[in-house]
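> Could you have a look at this structure, given as C-alpha cells, before my questions?
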Amino acid sequence: MDTFLTCTMVFLMLLACVNLFVGVSNDAVNFLSSALGSRTARYNVVLGVAAAGVLLGCTFSSGMMEIARSGIFNPQLFTFWDVMLIFFAVMLTDVLLLDTFNSLGLPTSTTVSIVFELLGAAVISAAYKLWVSSGSLAGLGAYINNEKAFTIITAILVSVAIAFTFGAVIQWLIRVIFSFKYQKVYRFLGGIYSGLCITAIFYFLIMKGAKGASFMTPELLSFLDSNTSTILWSCFIGVSAVFQLLIWFFNFNALRVVILAGTFALAFAFAGNDLVNFVGVPLAAMQSVDIAAAAKAANEALTPQTLYMGALKESVRTPTIYLVLSGLIMVLTLWFSPKAKRVVQTAINLSASERSDKEQFGATTGGRVMVRSALSAKKILNQLLPDSVLRGINSRFEKPRLKKGEIALPFDEVRASVNLVLASILIAAATSMKLPLSTTYVTFMVAMASSLADGAWDRETAVYRISGVMAVISGWFLTGFTAFILAGIAVLLCIWFGPWFMVLGGILVIIRLFKSNFFPKKEKVIETEGINPGMVREELRLKLNHAIAKNLDDTVSIFSTAMTNFLAEDYEELKKTRLRAQGLLDKISYMRSQYYLMCVRGEGPSKDYDARNYYYRTFSNMKDVAQDLRNTLSQMEDHLANSHSVFKGVLRSNLLQASNELNGLEHTLSKYVEAGEISDDILLRLSDTNLEEVNKFQIELMKQIEDHQMPLHRSELYLSILQLYREIVNRYTVIVLLQRELNIVLSDPDRDNGAPEYAVEHK
C-alpha cells in the first residue's frame, strides 16, 4: 500500500504540471487580450511582461492553498485513503475538462472547475461512506464546509455582476472625458489618469494582495498598514508629475506604460489567486502524506483507512520553492502553448470595435430579444434627454475615420487600460480576502462591459456579440455542473475499482493530454486564405478561374456521392456528405465576403473595380448553388431518417442519369474555364441539352404520380433534386459567361479607369 500511495503522489505531481499547462492555456486570455488587442507592444514584449507578473505573483498565493485542504469539505470526517481518492479524482477530471474547453477555444473558469470538482468528489465520497455504514444519507451536510463553500460560490457569482457594472460605468465615464479622439485631452489629463491607474494597481496589488505572500514578514506588513495614506499620495503625485512632464516635453505615451503595468498586475493577480486551482490539490495531497507519515511514526496501528485528516484544517504556509517552480511551468506555457493563442482570439473577437471578417458566433433568439429591448430603451432615453445633451455625448463617441488601407484595432489604448486596471484591482482585492475569485469571469465581463459602453456592439454586430457572450457564460455554468458530475463519477470508480482504475485512468489521461496538446490534428485550411484585399485584376482573374473549376468539381462530386448514398439508403454516409455540402457553403461564403474587404482595405489600381465586381457576382452565383445543395441534401437526409422508401424503377434511373450528365457537364465546363474561352453556341448547346433532360425527368414524375399515386413528400423531394440539377446548370452557365466577360474587359486597353458603372447586386 505504501508503494502504491507513493506512486499516486508522483502521479498527482505529474498531473499538477500538466494541469498548470492546460489551465494557463485557458486563462492566458485574462491578462493578454487587452495588450494584444490594442497593439500596445510586440507580442514577445507583452508575453515577457506577463511572464514576469506570473512568476512573481505565484509567491503571493500561499494563503490561498487552504481552499484545497479544507475550504470545501471537512477533512476531519475523511480518512487518509478517502482524501487521496478525492484528490486523485479531482485532478483527473480537471485536466480533461480544461483541455476540452481549450480545444474548443472557449475561456472558462479554472476556479469554478476546481471548486465544483472538490465539492462533487467530496459529496459522492461522503454519500458512499454513509450509505455503506448505515444505509442512509442523513448527516451528509456535516461532511461539507457549507459556510465557506457558500461564500466562495457566492463571491464568484457576485463578481460577475460587479465586474460588468463597474466595467460599463467606468469605461463610459472615461470615454466621455477622453473621447475616441483622445490625443488633445490626453495632453492635459494623461499624466493624472496614468498616475491614478498606477497608484490603484500598486495599492491593490502590493499593499492589499501582499498579505498572503510566502515571504512577507509581520514587521513589513505592519509598516505598510501604518503608512498606507502617505505611500499612496506620494505614489500618485510623483507618478502623475513625472508622466505629465514627459507628455508635455517629449510626447511620451504614458498609456503604454499603464497597459504594460496593467498586464503585469493582472498576470500577478491571476497567479496569486488562481495558482491554487492548478497545484492546490497536489500540494494538499503531499501535505496529507506528510501528516500520515508523522501519525504512522507515532502510532504503528494506524492505517490509511483508519487515520482521519483533521490536521488538514491547520494553517500551513506553502514552501516558496514549490510556488516558484509552478510559476516557471506557467511561464513556459505562455510562450509555447498554441491553444492559449486560440482562446485569446475568442475574447478579442467578441470585444473588438470593428466587425471581423467573419463573426465567430451565430445569432440566437436571446441575443435578438436583448438587442430589440436595448433599441427600444434607447429610443425612450433619447426622448427624455435634451438634444444638446445627446449631441454632446454622441460627439464623444464619434470614432476617427480610417485612412484607406488602414486596419482598425480591436480596441484602443484607453479601453485596454480600463480593462486591465479594473480587473486587476477586483482580483487582487479578492486575493487579500482569501477568496478564489474567478479571474476568467472578472476579466471577461469587464472586457464585455467596456466594449458595450464603448459602442463596439453596434446594430450590425450586437446580436452576434451578445450571442457569443451568452455562449461563453453558458459554458461557465456547464463547467460547474459537468465538473461536479464527472468528479463524483471519478471518485466512485476509484472507490469501487481502487488501484486498477487509478493506474488505467491516469495512463489514458496522460496519453490524451499529450496527443491533444503536442500532436494536435491538422486543421483544414481554407483555400481562400491566399486572397489579398489589395490584389490587382490579373491576380483576381487567376484566383477566380481556379475557384470556379474547384467549386464546380466539389459541387458535382457532392451531388453524385449524395445520390449514390441516398439510393443505397445509407443514412450515415449521406449525413457525412451533407456535412461536406455545409463545408462547401462555408468556404464559398467566406470567399464572397472578401469582396467587402477588397472595398475597405484594397489598395490596388482603380482598374481592378471591374475584376472585383465580377468576383462578387461569380461567388454570389456559386453561393446560391451551394445553399440549394445543402438544403436538398438535408431534405434527403430527413427522408431516410423518417424511413421513407427511396425511388425505384424509371425515377431511380433518371436520377442516376442526371448524376452522370452533371459529371459530363463539369468535365466540359472545366476545360473551357482553364482555357478562358468559350463560344455562346457551345455553352448554350450544353445548357439546353441538360435542361431538356431535366424537363423529360419531370414529365416522367408526373406520369408516376398519376399512375402510382406517389405520396406528396416523395414527389417534393424528387422535384427538389431536379431543381438542384437545373440550378447547377443555370448558375454555372452564367458563371462561365461572367468569366468570359472579365477576360474581354481585361484585354481592352481603352477601358475607363473609373469606378464600376453597374451595381454589384446584379448577377
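The values are calculated or read from the model by the stated rules, or taken from the named source; none is laboratory data. None of these values were measured; they are calculated from a predicted model. Note that each Cβ is placed from the backbone with ideal geometry, even for glycine, and that neighbours are counted across all protein chains shown.
> Name the pairs: first residue in segment 369-384 and in the same structural domain as Met470 (by TED's automatic domain parsing), second residue assigned to a helix (DSSP H, G or I) and surrounded by 12 or more Cβ atoms within 10 Å (Cβ to Cβ), Cβ to Cβ under 8 Å, at least 6 apart or on different chains?
The qualifying pairs are Met370/Ile466; Val371/Ala462; Val371/Val463; Val371/Ile466; Ala374/Ala462; Asn382/Leu390.
> Then there is this: Just to verify a result, which residue in segment 134-150, among those that are at pLDDT below 85 and among the hydroxyl-bearing types (Ser, Thr, Tyr), is nearest to Ser113 (Cα to Cα)?
Once the filter is applied, the top-ranked residue is Ser136.
> Scanning for something surrounded by fewer than 18 Cβ atoms within 10 Å (Cβ to Cβ), in a helix (DSSP H, G or I), more than 21 Å from the chain's Cα centre (by Cα) and at pLDDT below 80, does segment 494-502 turn up at least one residue?
Taking every residue of segment 494-502 in turn, none turns out to be surrounded by fewer than 18 Cβ atoms within 10 Å (Cβ to Cβ), in a helix (DSSP H, G or I), more than 21 Å from the chain's Cα centre (by Cα) and at pLDDT below 80.
> Checking the conditions here, which among Gly475, Gly506 is under 19 Å from Thr8 (Cα atoms), of a type outside the set (A, V, I, L, M) and either at pLDDT 80 or above or in the same structural domain as Phe73 (by TED's automatic domain parsing) (or both)?
Of Gly475, Gly506, the one residue that is under 19 Å from Thr8 (Cα atoms), of a type outside the set (A, V, I, L, M) and either at pLDDT 80 or above or in the same structural domain as Phe73 (by TED's automatic domain parsing) (or both) is Gly506.
> Hey, another quick one. Identify, please: which residue in segment 154-202 is within 30 Å of the chain's Cα centre (by Cα) and of a type in the set (S, T, N, Q) and is, among those, surrounded by the fewest Cβ atoms within 10 Å (Cβ to Cβ)?
Thr154
> I would also like to ask the following. From the list Val29, Val49, exactly one residue is at pLDDT 70 or above and either surrounded by 24 or more Cβ atoms within 10 Å (Cβ to Cβ) or in the same structural domain as Thr443 (by TED's automatic domain parsing) (or both). Which is it?
Being at pLDDT 70 or above and either surrounded by 24 or more Cβ atoms within 10 Å (Cβ to Cβ) or in the same structural domain as Thr443 (by TED's automatic domain parsing) (or both) holds for just one of Val29, Val49, which is Val49.
> Go through segment 52-76 and give me each residue that's in a loop (DSSP other than H, G, I, E, B) and modelled with pLDDT of 80 or more.
Ile72, Asn74
> All but one of (1) more than 36 Å from the chain's Cα centre (by Cα); (2) closer than 16 Å to Met84 by Cα hold for Trp248; which doesn't?
Exception for Trp248: condition (2).
> If I ask for residues that are among the hydroxyl-bearing types (Ser, Thr, Tyr) and at pLDDT 85 or above, which ones from segment 563-614 would you list?
Thr564, Tyr571, Thr577
> Any chance segment 84-93 includes a residue that's modelled with pLDDT of 85 or more, under 23 Å from the mean Cα position of the chain (by Cα) and within 22 Å of Ser288 (Cα to Cα)?
yes
> While we're here: Could you list, ordered by first residue, the pairs with Cβ atoms under 6 Å in which the first is in segment 436-449 and farther than 15 Å from Gln171 by Cβ and in the same structural domain as Ile473 (by TED's automatic domain parsing) and the second is charged (D, E, K, R) and assigned to a helix (DSSP H, G or I), at least 6 apart or interchain?
Qualifying pairs under 6 Å: Thr439/Asp274.
> Please find, among Ile174, Ile153, the residue that is under 30 Å from Asn253 (Cβ atoms) and either assigned by TED's automatic domain parsing to the domain that holds Ser395 or modelled with pLDDT of 85 or more (or both).
Only one candidate qualifies: Ile174.
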